[in-house]
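Remarks on the structure that follows.
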Amino acid sequence: MADIDLIRNATQTLIDHVDELTALDQAIGDGDHGLNMRRGALAIQARLDELAGQSLNEALRTMGMACMSTIGGSSGPVFGTLLVTLGKELPDPPTAAALAGALDAGIKALTRLGKAEVGQKTLLDVLDPVQKVLAEGGGQLAGRVRDCAFASADATAAMDAIKGRASFLGERALGHVDPGSRSVALIIGAICDGLQSRAQPTSQSA
Amino acid sequence: MADIDLIRNATQTLIDHVDELTALDQAIGDGDHGLNMRRGALAIQARLDELAGQSLNEALRTMGMACMSTIGGSSGPVFGTLLVTLGKELPDPPTAAALAGALDAGIKALTRLGKAEVGQKTLLDVLDPVQKVLAEGGGQLAGRVRDCAFASADATAAMDAIKGRASFLGERALGHVDPGSRSVALIIGAICDGLQSRAQPTSQSA
Amino acid sequence: MKKLINDVESLLSESLDGFAAAHADIVTLGEGGQFVRRRSPKPGKVALISGGGSGHEPLHTGFVGHGMLDAACPGQVFTSPTPDQMLAAAQAVDTGAGVLFIVKNYSGDMMNFQMAAEMIDCDNATVIVNDDVAVENSTYTTGRRGVAGTLIVEKIVGAAAERGDGLAALKALGDSVNKATASMGVALTSCTVPAAGKPTFQIGADEMEMGVGIHGEPGRRRVRLASADDIAAELSGAILKDLSLKPGQEVLLLVNGFGGTPLMELYLMVNAVHKILDGHRLKIARCLTGSYVTSLEMAGCSITVSAMDAATLALWDAPVHTAALHWGM
Amino acid sequence: MKKLINDVESLLSESLDGFAAAHADIVTLGEGGQFVRRRSPKPGKVALISGGGSGHEPLHTGFVGHGMLDAACPGQVFTSPTPDQMLAAAQAVDTGAGVLFIVKNYSGDMMNFQMAAEMIDCDNATVIVNDDVAVENSTYTTGRRGVAGTLIVEKIVGAAAERGDGLAALKALGDSVNKATASMGVALTSCTVPAAGKPTFQIGADEMEMGVGIHGEPGRRRVRLASADDIAAELSGAILKDLSLKPGQEVLLLVNGFGGTPLMELYLMVNAVHKILDGHRLKIARCLTGSYVTSLEMAGCSITVSAMDAATLALWDAPVHTAALHWGM
Ligand SMILES: Nc1ncnc2c1ncn2[C@@H]1O[C@H](COP(=O)(O)OP(=O)(O)O)[C@@H](O)[C@H]1O
Ligand SMILES: Nc1ncnc2c1ncn2[C@@H]1O[C@H](COP(=O)(O)OP(=O)(O)O)[C@@H](O)[C@H]1O
Ligand SMILES: [Mg+2]
Ligand SMILES: [Mg+2]
Ligand SMILES: [Mg+2]
Ligand SMILES: [Mg+2]
């Protein structure tokens, strides 16, 4: 079954960070990322009752479709496709290995959709290292995934932008964190925090 | 004959005060008075050679026509009509009494043209008291005319605006000097200064 | 001051040159930029001439052409043109049927056009536009200002002139359209007269000027920035009070931007005013939205309501072919 | 932030309501404001659908009508619309001859339109507009942005669709017009996304952003404010370098304001560019001046040059009846 608390927390984190995300997108993009993510988060929160009755896979698909039909911009198709793909690929309940596999499928779907590759200062630069940590497995996984997500988002600041709006900025994007990457880190962070606080001390159940 | 030095000084004073006149018109009008007066002053200065060969009456008419055809706005017709009327009415050389008569005719012409009356915060509120001082005659006339002109311009600050653009401002015009009045004071001041410095100690030759 | 200019002194003439080049199929620029005239004057037609200070574009030059003005005289920014310009324009476009001047009620425009009218030797008449209800008329004022309603007068009288109406009829029509038209505006920011180089007025980040004029002149009062609905209510309230229309009356609505306000906001204002006029059971027969009578880059808008009947609606709908208004042909 | 709005959340829908009310003779608003469509679709005609983030008005909604678009999907301010909107629009305007999407080259628009194109069950094709030469194309970028040239593609392809051209021919025509069209812009001030509440970028009082995008995205470089002639030289230099036209070539010139720049300055830019194109012995066959592809209230402008031949000129001149472009009928 879908974990409503995790969904509520992850979406709420995005809503709470709307100004930060706006500022990041203003620095290297067109300034709408915060509002886009908030619109998507609110659309998901409006469906919490419906989601509560769904399986993890159904819920991921519902959330993906909600993103796709309410967000627009780059984030709509990107987060939508990611969630829909995860919904297709994940067993319920998921294992870390299964999550790694599903995330790999998600990254491939995004690459097909948006023609971006890892290293081009998009949220792929968070998803890819996180996928690798999951695939590797091991102890303290939730904490390590969380740290990896935030560190990877921060690391986008050093990258030249070559996809998305920031691509028009070229070298001038240097020094600024990619807003979509920050969003992904916030979502992953919220999920990992939730899992950790709940599953202590079972550190393996990411 | 036209007094080229007086004309040069009077027009130059306006050009030198362009920013002040702009600021006055920005406060209660549309901000173009400084530029309007400068445009007229430059048009007159461009005709100095021509003016040098003209009688006082011809020169006043030439300057009036130059104002009329280059300034536009309220100032164009107002200063144009004033100068043309003075050119029609003045004997050459003029006496103070003749000047008082000509100025009275000028004020009447302006009242016909612009439908404004004394007391409505326009340059009539400088011309009218100056005319009265001239009509009164007496000693130190240039100095008294000069002082009257500046004091009268200053006094427009206390008036409610009821003609010209500032009329739309109503009570809010209170506290601001009327720009056209200030221009007239500057012109009269320059002329009086010129006459005084030249005619010392013959204080009657205004 | 941030503007796309080369030199403040030549701004107007360079801009007129660009305008004439861009619309060479419609207009010709008079000698020395004194006026813009319709490329092909129509013999036997009363010539319509307007003009005023520049900075309100597309008014008036953008309204020269078939079905509207025969000539427009552009003054310096916010400064009435000179009588010379009006005389030169009249000479260029009069075809013997006389000249009708359309003049916005500002003392500068009134005096300059009046001098031109006195000097001109052909038949002529003048329609004075004074549609701005922001400042109450009183015996102590020059009267109401002429603002965005000028467009409506020029369009309707222009159509009547095009169909061949005579000078007296056009003058009467212009006066009656003006009487049936009322406007009021609001400014959120100031404009900057290029040659002055700094904003005409200072205004706080949370303030607006209610009843502002199209030169950035002060209006009724400086108040806190309000919602679009509240602004629409105040502007249309003043307008409707002035016009006192009967329920069922057909009106033309003009939501006019001052130059710095995006279309998106203007259409939002259309929506707001629509609701109010609906509430008064007035019928919006026609609606024009855009920046037509501007104050350089000032942010803000004006609302104009003009009471229409079948005859004036037909004249509004009649073909027009100018740089800024273009329909029916 | 100073805007004529009630509530940031409802800004778009209120504005669309106003737009639909103002142009009820031309357009109809789709359910929930998902799209604006032509009031009377033409049976058997390929349906042209465009769309993109709002804030660029009149693009695209203002170009819906006879001879141009059949529908436009407005996204939130500066945010691509969703595939749902495009699907709903296609369903509303497809008359069996297929759908042509006209998409500006931004990753958001590209992905959303692509998803719609994959889901749609009628014949469809997509023309991608990428006329902005400000940022050099390279293997590492999404490519060039789609900016004011979009208007030209929509007008010319729209006229061809109106006369009955088929989907493949329209797609080929759109691609070739896009290829013959190049644009570049400059910003003097920033725009403010309503929901963000503060300017998208900070810019000094004496600076300008050369090569700015229509979302206020950074351009080539931030430089000292230059004269209109110098700006025109840099913009048209980059454009002409990209197009490499032969002397004698006929072109369409579009001088487009970004929303906060008065017409007076835009015409001055027309004059400046005219001199430059004359110097290259290019023939300006048509010229359009105005704020058509805007960035909210941003001050600045873009120059677009599009190489034309007799066929495309005829399509440009063909009748059009939309809220923002209107001629020939
Ligand atoms: N082609 C792409 N592939 C993957 N992610 C992308 C792509 N383009 C943009 N993104 C992500 O989307 C984010 C921007 O989203 P957002 O601002 O909401 O949309 P837009 O860029 O359309 O304004 C970027 O920070 C980036 O992480
Ligand atoms: N009707 C009038 N009669 C006399 N003087 C007037 C009249 N209207 C305006 N003025 C004078 O003209 C001045 C304004 O001139 P200016 O700013 O150049 O023209 P405008 O008012 O057309 O912008 C006012 O300060 C006032 O002294
Ligand atoms: Mg963005
Ligand atoms: Mg003035
Ligand atoms: Mg003036
Ligand atoms: Mg966006």
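Overview of values
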item	result
Beta bridges by DSSP in chain D, antiparallel share as percent, to the nearest 5	55 percent
Relative packing of peptides A:71-81, B:13-23 - highest average C-beta neighbours within 10 Å first	A:71-81, B:13-23
Gain in span if fully extended, B:A157 to B:E136, counting 0.36 nm per residue against the direct Cα distance	5.0 nm
Cross-link pairs beyond the 20 Å C-alpha cut-off, checked among C:K3/D:K104; D:K104/D:K155; C:K104/C:K241; A:K88/A:K108	C:K3/D:K104; C:K104/C:K241
Under-5 Å amide H pairs with C:V251, H placed in peptide plane, nonlocal only	C:K283, C:I284, C:A285, C:R286, C:M308
Ascending list, in nanometres, of distances separating the C:K246 label from those of the other copies (7 Å, Cα toward Cβ)	6.9
Cα-centred dipole magnitude for the protein assembly as shown, charges only on beta-carbon of K, R (+1) and D, E (-1), debye, nearest 20	800 debye
Pseudo-label separations to other copies for B:Q45 - Cα-to-Cβ vector, 7 Å, nm	6.7
Dipole moment magnitude, nearest 20 debye, region C:11-179 about Cα centre, only Lys, Arg, Asp, Glu C-beta charged	380 debye
Phi to ³J(HN,Hα) by Karplus 6.51 cos²θ - 1.76 cosθ + 1.60 over region D:292-302, Hz, x for Gly, Pro	10, 10, 9, 10, 6, 9, 4, 8, x, 7, 10
For region A:4-199, alpha-carbon Rg relative to the globular expectation (2.2 N^0.38 Å, N residues)	0.95
For region B:131-147, 3J(HN,Hα) per residue [Karplus equation, 6.51 cos²θ - 1.76 cosθ + 1.60, θ = phi - 60°, Hz, x = Gly/Pro]	4, 5, 4, 4, 5, 5, x, x, x, 6, 4, 4, x, 5, 4, 4, 4
Amide N proximity, region B:6-36 versus B:L48 label position 7 Å along Cα-to-Cβ, cut-off under 19 Å	B:6-18
Shortest-first nm distances, C:A314 label point to equivalent points in other copies (7 Å, Cα→Cβ)	3.7
Protection-proxy order for peptides A:52-65, D:205-218, each taking the mean of Cβ atoms within 10 Å per residue, highest first	D:205-218, A:52-65
Peptide D:225-231 - average C-beta neighbours from other chains (10 Å radius)	4
Amide hydrogen neighbours beyond the local backbone of C:T126, cut-off 5 Å, H modeled	C:F101
Average beta carbon contacts from partner chains per residue of B:29-42, 10 Å cutoff	6
Average partner coverage of C:192-199, which counts Cβ from other chains inside 10 Å	5
Relative contact order (%) - region C:181-316, alpha-carbon pairs under 8 angstrom, separation at least six	34 percent
Global geometry of region C:214-329, whether rounded, prolate or oblate, following the gyration tensor of its Cα atoms and the 1.5 cut on a/c	oblate
DSSP beta bridges in the protein assembly as shown [antiparallel fraction, %, rounded to 5]	55 percent
Selected from C:V186, C:S54, C:A168, residue furthest toward positive end of dipole (chain C; charges at beta carbon)	C:V186
Where C:I102, D:I128 fall by accessible area, highest first, once all protein chains stay in place (1.4 Å)	D:I128, C:I102
Probe 1.4 Å, all protein chains present, accessible-area order of D:H274, B:H176, largest first	B:H176, D:H274
Antiparallel DSSP beta bridges within region C:11-179, percent to nearest 5	25 percent
Distance between region B:1-66 and region A:83-121 - C-alpha centres, whole angstrom	78 Å
Whole-number D in µm²/s for chain D (Stokes-Einstein; Kirkwood sum over Cα pairs; 10 °C, 1.306 mPa s)	81 µm²/s
Selected from C:S183, C:S306, C:S13 as most flexible by GNM, with chain C as the system and alpha-carbon contacts under 10 Å	C:S13
Global geometry of the protein assembly as shown, whether rounded, prolate or oblate, following the gyration tensor of its Cα atoms and the 1.5 cut on a/c	prolate
Accessible surface of the protein assembly as shown, 1.4 Å probe, proportion on carbon and sulfur as whole %	53 percent
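The values are calculated or read from the model by the stated rules, or taken from the named source; none is laboratory data. Just so it is clear, the model here is predicted, and its values are computed rather than measured. Here the Cβ is made from the backbone with ideal geometry for all residues, glycine too, and neighbour counts use every protein chain on show. What goes into the accessible areas is simple: the full protein's heavy atoms, side chains included, and nothing from ligands, DNA or RNA. Shrake-Rupley method; radii C 1.70, N 1.55, O 1.52, S 1.80 Å.
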